[in-house]
Every structure is written in C-alpha cells, then in structure tokens.
Amino acid sequence: MRIDILTLFPEILESPLNYSILKRAKEKGLLQIFLHNIRDYAMNKHKQADDYAFGGGAGMVMMVEPIDLCISRLTAERHYDEILYLTPDGEKFTQRMANYLATKTHIMMLCGHYKGVDQRVRDHFITREVSVGDYVLSGGEIAASVIVDCAGRLIPGVLSDETSALMDSFQDNLLAPPVYTRPASYKGWKVPDVLLSGHATKIDEWRHQQSLERTRKLRPDLLEEEE
Ligand code: ADE
C-alpha cells in the first residue's frame with residue numbers, strides 16, 4: 001500500500017509512522033508513506049498556503065491552489081482508491097473502515113489545519129471525510145497517524161501472526177479478553193487456572209465469555225450495533 005499525506009506540518013508525522021509494526025511493514029515493502037508539504041506548492045513568494053476567510057470571522061483557511069497543485073500532480077501519476085480529508089466533522093473512523101482501507105493500494109490523506117480547507121477542495125477532490133472522534137485536534141496530522149497506524153498493521157503480511165489481528169478488540173464488535181504472562185502467581189495474585197490447564201477448547205470458551213462480559217460492562221453499545 002502506498003499512502004501520500006498532504007500536510008502543512010510534515011514533521012508531526014515523521015516519528016509516529018517509523019516505529020514498531022509500521023517500521024517493519026515498510027521494511028518488508030508492504031507499506032510506503034510519502035509526506036508532502038503543501039507549502040512547497042504555494043505559488044507566491046511568501047509560500048503562503050492559507051488566507052483569511054471570505055465573509056470574515058476568526059481563523060485562516062487553507063487555500064485551494066496549493067492543494068490542487070499537489071493533488072493533481074499525484075493523481076496524474078496514479079489512480080487513488082480514496083482521497084481522505086481528516087476533519088472533526090467527518091464520518092467516524094472505525095475498525096471496519098481500517099479493515100476496508102487495508103485492502104487498498106493507493107490512498108491519499110489531506111490534513112486540515114486552522115479553520116479547515118477551502119470548501120472547493122472538499123467538493124472537487126475528496127472522496128471521504130473522516131474524523132477520529134468527537135473532539136477537536138489542532139490539525140489532521142495526529143488523526144492521519146491514527147488511521148495509518150490502524151490500517152497499516154492490517155495490511156496482509158504485516159503482522160507475523162495473522163490471528164493476532166483477528167483477536168483484537170472491535171474486530172467482532174467485542175472487546176479483547178484479559179491476557180496474562182509469567183509468573184503464574186505474583187504477590188499471591190493468581191492467573192486464572194483455566195489458562196494454565198492446556199485445554200484449548202476451554203481456554204477459547206473462557207476468553208469468549210470474558211470478552212462478552214467485558215463488552216457488556218464497558219461498551220454495551222457495541223453489542224447493539226449491527227454487523
Ligand atoms: N482535525 C481536527 N480534529 C480532528 C478529528 N477529531 N478527526 C480528524 N481530523 C481532525
């Protein structure tokens with residue numbers, strides 16, 4: 001998968017996408033991430049990429065031209081399956097959307113800042129507007145890194161143990177069961193006997209039961225959602 005991210009602040013994205021699983025995904029050649037500084041496409045001598053809002057009001061608006069130039073250059077080179085705009089008023093990002101994105105080959109992401117982008121960018125280029133939650137970040141970069149991290153680990157071949165993604169919270173609308181590692185007893189705090197029993201079926205049943213209980217208690221809304 002190739003992901004192109006358009007941003008006014010590429011530095012914010014450099015570190016979160018270069019460690020752990022994503023680093024391995026890149027090394028395996030399964031994921032490529034390109035950061036594009038929108039300011040590099042600003043035509044005037046001040047490299048200005050934002051301007052005052054028509055009609056007045058506080059806050060700057062990201063200009064249409066530099067974004068058009070950057071997107072058009074990329075779309076001239078390849079077809080993009082989705083061009084996402086990260087914005088708090090977008091569709092809520094979910095595990096389901098991550099699963100969907102993980103099957104794509106070319107994705108572009110535009111990070112908003114200030115008051116957002118000129119509406120004409122949204123009208124003419126964006127295929128999907130996405131929010132990572134009902135709160136306002138100072139820009140779309142952190143949201144983009146959430147989405148890249150989440151979808152990136154789901155690209156086939158990225159996780160060494162394929163089943164580990166299947167066991168994640170939310171994959172089946174259930175929270176994950178509790179996990180334990182050695183020692184089996186610590187300060188008298190014991191690991192549940194069933195996990196030490198070696199009985200695979202019983203362990204599976206116990207885990208499923210725990211998942212259901214946790215979900216009922218902590219996120220009952222998930223059990224009401226349609227598949
Ligand atoms: N930009 C600012 N807030 C955001 C959010 N919650 N999701 C996506 N992009 C954003």
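The values are calculated or read from the model by the stated rules, or taken from the named source; none is laboratory data. These numbers come from a predicted model, not from an experiment. Ideal geometry is used to build each Cβ from the backbone, glycine not excepted, and the neighbour counts take in all protein chains shown.
Test Gly112 against the criterion of being within 16 Å of the ligand (Cβ to nearest atom) and surrounded by 15 or more Cβ atoms within 10 Å (Cβ to Cβ), and give yes or no. Write out each step before concluding.
Details: within 16 Å of the ligand (Cβ to nearest atom): yes; surrounded by 15 or more Cβ atoms within 10 Å (Cβ to Cβ): yes.
So Gly112 fits the description; yes.
Which condition from (1) among the small types (Gly, Ala, Ser); (2) touching a Lys or Arg at 6+ places or on another chain (Cβ under 9 Å); (3) under 25 Å from Lys28 (Cβ atoms) is the one that Ser145 breaks?
Unmet for Ser145, out of (1) among the small types (Gly, Ala, Ser); (2) touching a Lys or Arg at 6+ places or on another chain (Cβ under 9 Å); (3) under 25 Å from Lys28 (Cβ atoms): (2).
So is Val117 in contact with a helix residue (DSSP H, G or I) (Cβ under 8 Å, 6 or more places away or on another chain), hydrophobic (A, V, I, L, M, F, W, C) and either at pLDDT 95 or above or loosely packed, with under 13 Cβ neighbours inside 10 Å (or both) or not?
Criteria met by Val117.
Results for (1) part of a helix (DSSP H, G or I); (2) of a type outside the set (Phe, Trp, Tyr); (3) crowded, with 16+ Cβ neighbours inside 10 Å, shown as yes or no for each residue.
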position: Ser160; (1), (2), (3): no, yes, no
position: Ser164; (1), (2), (3): yes, yes, no
position: Gln171; (1), (2), (3): no, yes, no
position: Arg207; (1), (2), (3): yes, yes, yes
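Looking only at region 90-109, filter to residues that are hydrophobic (A, V, I, L, M, F, W, C) and within 13 Å of the ligand (Cβ to nearest atom); which one of those is surrounded by the most Cβ atoms within 10 Å (Cβ to Cβ)?
Met109
Select from region 42-79 the residues that are within 17 Å of Glu129 (Cα to Cα) and touching a residue at least 60 places away in the same chain (Cβ under 8 Å) and list them in ascending order.
Result: Ile67, Ile71.
Kindly provide the set of residues from region 183-212 that are among the aliphatic types (A, V, I, L, M) and within 35 Å of the chain's Cα centre (by Cα), ordered by number.
Val191, Leu195, Ala200, Ile203, Leu212 - these are the residues of region 183-212 that are among the aliphatic types (A, V, I, L, M) and within 35 Å of the chain's Cα centre (by Cα).
Only residues that are touching a residue at least 40 places away in the same chain (Cβ under 8 Å) and under 22 Å from Val117 (Cβ atoms): list them for region 18-39, please.
Filtering region 18-39 down to residues touching a residue at least 40 places away in the same chain (Cβ under 8 Å) leaves 21-22, 24-25, 28, 30-31, 33.
Ile33, the sole residue that qualifies.
Examine region 184-202 for a residue that is farther than 27 Å from Thr94 by Cα and touching a strand residue (DSSP E or B) at 6+ places or on another chain (Cβ under 8 Å), and state whether such a residue exists.
First, pick out the residues of region 184-202 that are farther than 27 Å from Thr94 by Cα: 184-202.
Within this subset, residues satisfying the condition of being touching a strand residue (DSSP E or B) at 6+ places or on another chain (Cβ under 8 Å) are 184, 191.
Yes, that holds for at least one residue.
Can you name the number of the only condition in (1) surrounded by 17 or more Cβ atoms within 10 Å (Cβ to Cβ); (2) among the polar types (S, T, N, Q); (3) modelled with pLDDT under 95 that Thr87 fails?
Thr87 satisfies all of (1) surrounded by 17 or more Cβ atoms within 10 Å (Cβ to Cβ); (2) among the polar types (S, T, N, Q); (3) modelled with pLDDT under 95 except (3).
Among (1) away from the ligand (no atom under 15 Å from the Cβ); (2) more than 24 Å from Arg153 (Cα to Cα); (3) without any contact (Cβ under 8 Å) to a residue 40 or more places away in the chain, which single condition is Arg120 missing?
With (1) away from the ligand (no atom under 15 Å from the Cβ); (2) more than 24 Å from Arg153 (Cα to Cα); (3) without any contact (Cβ under 8 Å) to a residue 40 or more places away in the chain applied to Arg120, the lone miss is (3).
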